[in-house]
Amino acid sequence: MKPTPSEHPALDRQFLERAVELGRLGWGRVQPNPMVGCVLVRNGVVVGEGWHEEYGGPHAEIVALSKAGPDARGATAYVSLEPCRHHGKTPPCTEALRDAGITRVVFGAQDPGPDSGGGAAALADYGVEVSGPLLSMEEARRENPGFHGSPEDRPWVALKLATSLDGRISARAGLRSTISGPESNERVQWLRAGFDGIMVGTQTALTDDPRLSVRGDTRPLTPPKRVILDARGQVAASARVLDDADGTTLFLTTASSPAPWRSSIEARGGKILEVREEEEGRLSLVETLRALRGEGIRTLLCEGGGVVGSKLLQQRLVDRFYLVLAPKLLGSDGVPAFPSHGASRRGSGDGGPGPLGEWTLIEDPLRLGNDVWMVLEPKGV
Ligand code: AOF
Ligand code: ZN
């Protein structure tokens, strides 16, 4: 099937962007489904809008059609994803669009699902004019990385670090420091809601005793799994990350962690996953990520600390970088955000880690209180 070229590309793009924006309102509520939005336009007027609000619930098109009622007849449907043509938890959107009298469909991303995909061809068969996909693979992945971009052997990984102007993540080793302000912290709560897993390294777990739960206004339908990297079994079973664990808190460790420690973690509802030790006292990150993918984690947010973040960056395992810059200087006692980078001897030709690539801002930096929130992705992906 060949998509029909659009007569009004700028207008189509504009309504499609609105559909994408609406889809984002499903953040935290729809995974593992993608976020999808829909706008219905008749004679240049929006007659209905909707988005996939909750996993298992009605799809975006159905919500928009029910808002529009009879006004949907003769309208164009802008949908951020190719309308599904399968009987899943709900009947096919392709049929609903046809039955409502939609005459044209403009869609953003292609649905890669073997059953759900192919809706564009089905619509064309019904005599509906179809334009799409209007979004590139890269754009589609940015919107729904778990759905469009998750590799087979690891999750799609986002790293979030809050640093001072001089690139420190705390004022002193072992000291819990306030780096970012309340507005940024609220945004982190929102961010967590959209991920399958939230991960921190041993030092962060020991220093901050984080809960890694989601406590903002956006409540995830399925709370993200909490992941602690603890190669040697140093984090006590009393850690807050094990509160209400019920198998949803995962401890990644190596053969060197003591059996009594493992039992104490399991007694609190934690799950132990053993992976290979790569260098002294450190887990193989590649194996760690593979194990997490095996636990169904398709999107992972790593919240530090500096050692884990650096290792991920060094091994080019970061797909998105949320960097929160706080207007503070912490001085030379502060813990560097990028420790292992500083340690590599530059220009020594010793075969050490090379340059870590260039990054692109994928949206305008956001000012949150006094902090600057940057969202970056590796250049050339
Ligand atoms: C659409 N519109 O709003 C969404 C779609 O289990 P189900 O029935 O909810 O189907 C989920 C699949 O449908 C999902 O994997 C994806 O392929 C597609 N999602 N399709 O037409 C929507 N959310
Ligand atoms: Zn559908």
Go through (1) at negative phi; (2) at pLDDT below 95 one by one and return the number of the condition residue 59 breaks. (2)
Of all residues in segment 52-72 being within 8 Å of ligand 1 (Cβ to nearest atom) and of a type in the set (Gly, Ala, Ser), which is most open to solvent (accessible area, probe 1.4 Å)? 56
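Step by step: first the residues of segment 1-51, then only those that are of a type in the set (A, V, I, L, M, F, W, C), modelled with pLDDT of 95 or more and open to solvent by 70 Å² or more (accessible area, probe 1.4 Å), then the one that is farthest from residue 111 (Cα to Cα). Which residue is that?
Going through segment 1-51, the residues of a type in the set (A, V, I, L, M, F, W, C) turn out to be 1, 10-11, 15-16, 19-20, 22, 25, 27, 30, 35-36, 38-41, 45-47, 51.
Checking the rest, the ones that are also modelled with pLDDT of 95 or more come to 15-16, 19-20, 22, 25, 27, 30, 35-36, 38-41, 45-47, 51.
Next, from what is left, pick out any that are open to solvent by 70 Å² or more (accessible area, probe 1.4 Å): 25, 45.
Details: 25: 19, 45: 27 Å.
Once the filter is applied, the top-ranked residue is 45.
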Sole miss for residue 198 among (1) under 19 Å from residue 301 (Cα atoms); (2) in contact with a Phe, Trp or Tyr (Cβ under 9 Å, 6 or more places away or on another chain) is condition (2)
Please list, ordered by first then second residue, the pairs with beta carbon atoms under 6 Å, 6 or more apart or interchain, first in segment 82-94 and open to solvent by less than 50 Å² (accessible area, probe 1.4 Å), second near ligand 1 (Cβ under 7 Å from one of its atoms) and in a helix (DSSP H, G or I). 82/119; 83/61; 83/93; 83/119; 84/93; 84/119; 93/61; 94/119
Out of segment 34-85, which residues are touching a helix residue (DSSP H, G or I) at 6+ places or on another chain (Cβ under 7 Å) and of a type in the set (S, T, N, Q)? 80
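Listed residues 150, 177, 164; which is of a type outside the set (D, E, K, R) and touching a Phe, Trp or Tyr at 6+ places or on another chain (Cβ under 7 Å)? Break it down stepwise before answering.
Values: 177 fails: touching a Phe, Trp or Tyr at 6+ places or on another chain (Cβ under 7 Å); 164 fails: touching a Phe, Trp or Tyr at 6+ places or on another chain (Cβ under 7 Å).
Only one candidate qualifies: 150.
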Restricting attention to segment 95-117, the residues that are of a type outside the set (D, E, K, R), open to solvent by less than 40 Å² (accessible area, probe 1.4 Å) and modelled with pLDDT of 95 or more number exactly 10
The number of residues in segment 245-269 that are open to solvent by 10 Å² or more (accessible area, probe 1.4 Å), out of contact with any Asp or Glu (no Cβ under 8 Å at 6 or more places or on another chain) and under 19 Å from residue 214 (Cβ atoms) is 3
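Has segment 76-94 got any residue that is more than 13 Å from ligand 2 (Cβ to nearest atom) and in contact with a Cys (Cβ under 8 Å, 6 or more places away or on another chain)? Working first, answer last.
Taking segment 76-94 and keeping what is more than 13 Å from ligand 2 (Cβ to nearest atom), we get 76, 78.
Still in the list and also in contact with a Cys (Cβ under 8 Å, 6 or more places away or on another chain): 78.
There is at least one residue in segment 76-94 that is more than 13 Å from ligand 2 (Cβ to nearest atom) and in contact with a Cys (Cβ under 8 Å, 6 or more places away or on another chain).
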Here are some residues: 122, 171. Which one is more than 29 Å from residue 286 (Cβ to Cβ), touching a Ser or Thr at 6+ places or on another chain (Cβ under 6 Å) and in the same structural domain as residue 192 (by TED's automatic domain parsing)? 171
List the strands (runs of 3 or more DSSP E) inside segment 126-196, counting only whole elements, that have at least 3 residues being open to solvent by less than 30 Å² (accessible area, probe 1.4 Å) and in contact with a Leu (Cβ under 8 Å, 6 or more places away or on another chain). 156-164
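Report, by residue number, each residue of segment 102-116 that is assigned to a loop (DSSP other than H, G, I, E, B) and either farther than 22 Å from residue 15 by Cα or more than 28 Å from the chain's Cα centre (by Cα) (or both). Explain how you work it out, then say what you get.
Start the filter on segment 102-116 by keeping residues that are assigned to a loop (DSSP other than H, G, I, E, B), which leaves 102-103, 110-116.
Correct list: 102, 103, 112, 113, 114, 115, 116.
Going by the conditions given, is residue 242 touching a helix residue (DSSP H, G or I) at 6+ places or on another chain (Cβ under 8 Å), under 20 Å from residue 158 (Cα atoms) and open to solvent by less than 10 Å² (accessible area, probe 1.4 Å)? Break it down into steps so the answer makes sense when it comes.
Working: touching a helix residue (DSSP H, G or I) at 6+ places or on another chain (Cβ under 8 Å): yes; under 20 Å from residue 158 (Cα atoms): no; open to solvent by less than 10 Å² (accessible area, probe 1.4 Å): yes.
It is false that residue 242 is touching a helix residue (DSSP H, G or I) at 6+ places or on another chain (Cβ under 8 Å), under 20 Å from residue 158 (Cα atoms) and open to solvent by less than 10 Å² (accessible area, probe 1.4 Å).
Restricting attention to strands (runs of 3 or more DSSP E) lying wholly within segment 239-330, give those where 2 or more residues are touching a residue at least 24 places away in the same chain (Cβ under 8 Å). Steps first, please.
Numbers: elements: 249-253, 270-274, 277-279, 299-302, 320-326.
Strands (runs of 3 or more DSSP E) meeting the threshold: 249-253, 270-274, 299-302, 320-326.
The values are calculated or read from the model by the stated rules, or taken from the named source; none is laboratory data. Nothing here was measured: the structure is a model prediction, and the numbers come from that model. Cβ: placed from backbone, ideal geometry, glycine included. Neighbour counts: every protein chain shown. Remember, those area values only see protein heavy atoms, side chains included, never the ligands or the DNA or RNA. Shrake-Rupley method; radii C 1.70, N 1.55, O 1.52, S 1.80 Å.
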